[in-house]
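Read the figures in this text as sums done on the coordinates, not as results from a lab. Because the structure is predicted, anything quoted here is derived from the model rather than measured. Here Cβ is always computed from backbone atoms with ideal geometry, including for glycine, and neighbour counts include all displayed protein chains.
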Protein chains: 2
Amino acid sequence: MQNIVIKTNPNDNVAIVASPTGLKRGAIVLNGIVLEEDIPMGHKVSLQTLNEGDAVIRYGQNIGFANKIIEKGSWVNESNISMPQAPNLADISYVQPKVPQVESLKDFTFQGFKNADGSVGTKNVLGITTSVQCVAGITSFIENKIRKELLPLYPNVDDVVAFNHSYGCGIAIDAPAAIIPIRTIKHIAQNPNFGGEIMIIGLGCEKLRPERLLPDTRNQLLVTGGLVSKQSDSDNQFSSNQLPINQSTNNQSSILYLQDERFEGFYEMVDGIMEMAERHLQKLNQRKRETCSAADLVVGMQCGGSDAFSGLTGNPVSGFAADLIVKAGGTVFFSEVTEVRDAIHLLVPRCETEEVAQKLKDEMAWYDNYLNQGKADRSANTTPGNKGGGLSNIVEKALGSVVKSGSSPIVDVISPGEKIRKKGLNFVATPASDFVCGTLQLAAGMNMHVFITGRGTPYGLNMVPVVKVSSNTKLANRWHDLIDFDAGPVAFGQKTIEEMGWELFHLILEIASGEKKVATDKLGLYNDLVLFNPGPLT
Amino acid sequence: MQNIVIKTNPNDNVAIVASPTGLKRGAIVLNGIVLEEDIPMGHKVSLQTLNEGDAVIRYGQNIGFANKIIEKGSWVNESNISMPQAPNLADISYVQPKVPQVESLKDFTFQGFKNADGSVGTKNVLGITTSVQCVAGITSFIENKIRKELLPLYPNVDDVVAFNHSYGCGIAIDAPAAIIPIRTIKHIAQNPNFGGEIMIIGLGCEKLRPERLLPDTRNQLLVTGGLVSKQSDSDNQFSSNQLPINQSTNNQSSILYLQDERFEGFYEMVDGIMEMAERHLQKLNQRKRETCSAADLVVGMQCGGSDAFSGLTGNPVSGFAADLIVKAGGTVFFSEVTEVRDAIHLLVPRCETEEVAQKLKDEMAWYDNYLNQGKADRSANTTPGNKGGGLSNIVEKALGSVVKSGSSPIVDVISPGEKIRKKGLNFVATPASDFVCGTLQLAAGMNMHVFITGRGTPYGLNMVPVVKVSSNTKLANRWHDLIDFDAGPVAFGQKTIEEMGWELFHLILEIASGEKKVATDKLGLYNDLVLFNPGPLT
């Protein structure tokens, strides 16, 4: 293999070492540039001598300034570049973009589960949600019991999933930020894969009344809210001061309280929940896969454990697939506020309207303030693994991260815990933390998850399929049973981004149809969901 | 049964309805007081007519002011009383208390597992901790595999427990508040029940380096820190910017990285962890129960799902048992900042030194500020269940809550996530959230948990036994297989607090010895641990 380095943009003055074993001092790359030192795979080599203060350019953008002379052929990393300021939100003005003529893609379909509300599931799952952590021991017990004793009787149901979160009691439920975890739990229960047959297990004395987790009677699409925008969610219809003295569990309802006086001890509670589960399983078992348009896909894009290849391979390939889904009339979202913050000047011009652009900037501003209150800033995002993988700072990471959004216009911005309202490309504002982002993307309504990784993570979710894309072939080979799709060949020109984007699009349709299983579903490897709760505990 | 109401203190102008079915309008109580309305069990009846603005007195303390005329015999609840201000911390001065001559209790023992560091376990558990949530799928898989395949070969080991928390990545690890979750994870790994044989599973690219979770080489008792006091913890010895490129998993170490290049896929990771587990199980299997002094008990007291009886029965009985443990030379802690805040004027005088009193006030002030930043206050503590159970507000709840600390001097105050440093009665500053408090009490080093409840909760922990005490017999009867000890008989004078306190003390020794199992251990009902992380996500 040659001494391969990759330049992303003609204006770049650094390139990425692509050789899997890195390159040694003395190696010759590009137009005769001689490496001054050993450089690991994924790390940057300087293509010209940089003086102190010179901009380091990757993706055609400034990712930092040399903090000393960097000779041509030297290793450029976080030790010799300093980070630029984040783009000033007030400086980014909006111009209505010309709407490009996009040919729409037709005739792409998958076999999904149609729901009464118009959404489509990619799995058929019995969901058990909870209004408080105290009940987790019992719901875990029940989840196992249903899987063993009931699921074999309902062959059309794929799985049973209990959502044991940390919220519900010991929290300041009337604090302004409490709306985020509450609507997250509520909206996860409405995920298309549950088919509207969610069960809610409550204790009885908790602050989060289980009734708050039921769907609104009003049309869901009218529910607005947002952390930034004024809350007009109907969540407030239930007072947290209700006395639940006379609560009772209605046999036909979807809510069961463990403190219900009709339960004499643990095994009666279990019997009560099992009875309720049977009622829901009977309904879920009637669901059958039907031919659905690719327009029914709702795909959440996320990356985690990124390296310098993520922005070259996995993210552009996923971005191309994202464009295909949008062209087919479907929905895609990307997230991770701290990973788009430094590329915000590239995203604002892609917003469909000024209102959307403003909401995007508002979410950035909210997060700037949130980090500031906690005495942190966006630079807290990059991990040791990112740096080990060649990403010097959050600017470089962000520029590579947003590539997975493709090139479609951004039609809407969704606050943490909200559901999507429009088809097309959405920005769903979440922290970058993998499990928190995944949790909020579930609440937003995704029925398929694409997760791009360079360093490797066993991350998986039990509610929707997670397609794991590797940014480099070295990882895909080593983690042969944990990676679903290798975007590595793009790095060496063996395949084009376009070819691999189409391959990924087709794979997504096969997985959505239940024809193929993702690695984490084969192995049964699932992370816990983790709520975003910026509010205080009590 | 008579129309029983209970007055806690001679100065009280309200009493608690003790009759299990409540009392009806027209019922006659005490000195001929006629009930003006139906009053449920656990709720307050006015013993005299109160004018608007009059203080409502329970436990001899002001729990609020009548917000309208309350006729003698009326129901007193949150709708007709308003809450007093929290005691002003600056107004509470400290006077060194006379040290009472306390006869020490000798000759009480239990059969425990002695550890090299001087601590004593009440169970023999293989602990698996993690440096990041991404690995949770694999550690859950491994936990089951070890339980099925390995535990039967090591009969002296009681269980295997994986601690899958939400921390480690996507967090601002250099924010000031990050020290709390980090030291919590680290100190839980040092819980006496793990016998120093903890395993740490990391991914490899996370911000929380697994090495930070190893015990300090310095004497643990010297580790100080605290949220309030300046941090002098050695946690800072590891930079979060280390490049882990060349990390390797030492075969003999307690740390394993899933990204270690020697693992080709999932099943090799599993084999690697199973090998490591066998090494630790061989050592744990050599542990045998030995006769230990009651002075080796470290008992965490907590209440959850409280009702108005909690302060009359469960908490005073537990407080009496707490005094016995302290007299025997053991350690007890109580917690839950928002549930002691309104009784702080009763606790400051009990502090052994002025320094301890100041630290207690500092922790209250920190929490006041924390709630204030989140636009909440201490009144956010009380739950619908508390109110349904007769607790009108946080003042009444706090006065009943602190009773479980008994009457011993407070020898030390421990910040969230810290380990205890002294034997005797400690205040361990935690949120009142049941699962968060329990998690922080595990980090502080408890080997036994006493949990008092009036409304009922299936709460249980898999690391230490949880003795569940009911405040009323009605609950104990209904939840016959979930409650370990019924303190209800105190309410009707069938037994004294002293008698039942001794019974609970003996029960604790039997459970600590492994002679009796608690209800949640019999049923295998366990809550997840939940970290206290006041810092931001990224």
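Positive-end ranking of A:Asn193, B:Leu347, A:Gly424 along the dipole of the protein assembly as shown, with charges on Cβ about the Cα centre, is headed by A:Asn193.
In loop segments of segment A:279-332 as defined by DSSP, the trypsin sites (Lys or Arg not before Pro) with at most 14 further C-beta atoms inside 10 Å of their C-beta are A:Lys288.
Arranged from fewest to most other beta-carbon atoms within 10 Å of their beta carbon, B:Lys404, A:Lys24, B:Lys359 become A:Lys24, B:Lys359, B:Lys404. For chain A, the relative contact order comes to 18 percent (Cα pairs under 8 Å, sequence separation of at least 6). Considering only Cα atoms, the convex hull volume of segment A:365-482 works out to 126 Å³ per residue. Once the gyration tensor of the Cα atoms in the protein assembly as shown is diagonalised, the equivalent ellipsoid follows with semi-axes of 51, 33, 28 Å, ordered largest first. Secondary structure note: in chain A, about 40% of the DSSP beta bridges are antiparallel. Find how many whole Å separate the alpha carbon centroid of segment B:491-522 from the alpha carbon centroid of segment A:306-375. If we compute the Cα centre of each part, the gap is 57 Å.
The calculated FRET efficiency for A:Asp216 paired with A:Glu355, based on their beta-carbon distance and R0 = 22 Å, is about 0.40. Sorting A:Ile483, B:Ile171 by the number of Cβ atoms found within 10 Å of their own Cβ, with the fewest placed first, yields A:Ile483, B:Ile171. In summary, segment A:432-500 shows an alpha-carbon radius of gyration equal to 1.19 times the 2.2 N^0.38 Å reference for compact globular proteins.
The calculated 222 nm mean residue ellipticity attributable to helices in chain A amounts to -7000 deg cm²/dmol, summing -39500 (n - 2.57) over DSSP H runs of n ≥ 4 and dividing by all residues.
Short-range pairs are left out: with C-alpha atoms under 8 Å and at least six residues apart, the relative contact order of segment A:1-82 is 29 percent.
The convex hull defined by the C-alpha atoms of chain A has an orientation-averaged projected area of 25.0 nm². Cβ crowding within 10 Å, taken as a proxy for footprinting-reagent exposure, orders A:Lys517, A:Lys468 from fewest neighbours to most as A:Lys517, A:Lys468. What FRET efficiency comes out for A:Asn9 versus A:Phe492 if R0 is 22 angstrom and r is the Cβ-Cβ distance? Round to the nearest 0.05. Rounded to the nearest 0.05, the efficiency is 0.75. Which of A:Lys106/A:Lys516; B:Lys186/B:Lys517; A:Lys24/A:Lys468; B:Lys422/B:Lys516; A:Lys359/A:Lys423 have a Cα-Cα distance over 20 Å? Those over the limit are A:Lys106/A:Lys516; B:Lys186/B:Lys517; A:Lys24/A:Lys468; B:Lys422/B:Lys516.
Placing dummy labels 7 Å off each Cα toward the beta-carbon, the span from A:Glu264 to A:Ala55 is 7.8 nm. Distance between Cα centroids, segment A:43-120 to segment B:79-145: provide it in whole Å. About 48 Å separates the Cα centre of segment A:43-120 from the one of segment B:79-145.
Here's how it looks for B:Val56: its modeled amide H is under 5 Å from those of B:Ile63, B:Gly64, B:Phe65, B:Ala66, which are all 5 or more places away or on a different chain. Taking the Cα centre of chain A as reference, the dipole from Cβ charges on Lys and Arg (+1) and Asp and Glu (-1) amounts to some 500 debye. Among residues other than B:Leu509 with Cβ under 12 Å from its Cβ, the summed charge is -4 (Lys and Arg +1, Asp and Glu -1).
Stokes-Einstein diffusion for segment B:113-173, with the hydrodynamic radius set to the Kirkwood value over Cα pairs and evaluated at 10 °C in a medium of 1.306 mPa s, equals 120 µm²/s. Within the shell defined by Cβ-Cβ distances under 11 Å, the residues around B:Ile200 carry a net charge of +2, with Lys and Arg each +1 and Asp and Glu each -1. Amide H contacts under 5 Å for A:Val467: A:His449, A:Val450, A:Phe451, restricted to partners 5 or more places along the chain or on a different chain, H placed in the peptide plane at 1.01 Å from N. For chain A, the longest piece that avoids every one of the GluC sites (Glu not before Pro) found in DSSP loops with at most 16 other C-beta atoms within 10 Å covers A:265-514.
Among residues other than A:Met274 with Cβ under 11 Å from its Cβ, the summed charge is -3 (Lys and Arg +1, Asp and Glu -1).
For segment A:1-82, the alpha carbon convex hull comes to 78 Å³ per residue, rounded to a whole number. For segment B:389-433, the normalised intensity computed at q = 0.18, 0.25, 0.26 Å⁻¹ comes to -0.66, -0.98, -1.01 (log10 of I(q)/I(0), Debye sum over alpha carbons, equal scatterers, no solvent).
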